[in-house]
Amino acid sequence: MNLNVREALLEAARKAAQSHGYNGLNFRDLAAAVGVKSSSVHYHFPSKADLGAAVARRYWEDTAQALEALLAESPQPQRALHEYPRIFRKSLEDQNRLCLGSFMGAESEGLPDAVKTEVQVFADINVAWLEKVLVASSSDSPATAHQRARAIFAAVAGAQLIARSRSDIALFDELLATYRVSGLLPA
């Protein structure tokens, strides 16, 4: 198995899913984007569900690493919370793409179970990270941190969705500023 082809297919599939959701995963288009035959896509991913699950898994794994790196590079948990939305902003900066977890999450009713499970893990790791950092920053008690973490995750993902629908990254920044003024996010 050629790992370079597999990795190239996962990257092309991530971009397609961030632009068009699960339905944007088309084996022929991915093969053309990577410069291989469609049969090569099937070799690495026997079904669309296998591909979708692998892409969603890789996305949450990469996000988990990015979140831990964010915490490591921010000496204070409060600063890490402040920087959290930039992970979502990067998708908008990349040709107005949407977070893969958000896009596929909106499609969850029609997703194969394996894909749906991986998409739910993405939300879970974001909420768990936020909860951990909220407690570490003394922003919330362990009793209230989970609910606030879910609210932050939903608000940031929602801001990204609204900004994408208008192709206006400045709107994303404006909404985040409002969240900071209201106290949802740290200033």
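The values are calculated or read from the model by the stated rules, or taken from the named source; none is laboratory data. Bear in mind that the values here come from a model prediction, so they are computed numbers and not experimental data. Cβ placement follows ideal geometry from the backbone for every residue including glycine, while neighbour counts extend to all protein chains displayed. What goes into the accessible areas is simple: the full protein's heavy atoms, side chains included, and nothing from ligands, DNA or RNA. Shrake-Rupley method; radii C 1.70, N 1.55, O 1.52, S 1.80 Å.
Just a few scattered comments:
- Environment charge of residue 163, counting only residues whose C-beta is closer than 15 Å and scoring Lys/Arg +1, Asp/Glu -1: +1
- Each Lys and Arg Cβ is given +1 and each Asp and Glu Cβ -1; about its Cα centre, the chain then shows a dipole of about 220 debye.
- With 22 Å as the limit, the listed pairs 37/90; 15/48; 15/90 have 37/90 beyond it between alpha carbons.
- When the alpha carbon coordinates of the chain are projected onto the principal axes, the ranges are 53, 32, 32 Å, largest first.
- Charge tally for residue 56 (other residues, Cβ to Cβ under 13 Å; Lys, Arg +1; Asp, Glu -1): -2.
- Relative contact order [Cα under 8 Å, 6+ residues apart], region 1-123, whole percent: 32 percent
- Computed on region 71-160, with alpha-carbon pairs under 8 angstrom and 6+ residues apart, the relative contact order is 33 percent.
- Accessible area, probe 1.4 Å, largest first, for residues 60, 129: 60, 129
- Exposure check, 1.4 Å probe, all protein chains in place: residue 169 carries approximately 60 Å² of accessible surface.
- Solvent-accessible area, 1.4 Å probe, carbon plus sulfur percent, for region 124-187: 59 percent
- Value of [θ]222 nm, deg cm²/dmol, for the chain, DSSP H segments ≥ 4, -39500 (n - 2.57) each, nearest 500: -25000 deg cm²/dmol
- Per residue accessible area in Å² of the chain, where ligands, DNA and RNA are left out and the probe is 1.4 Å: 50 Å²
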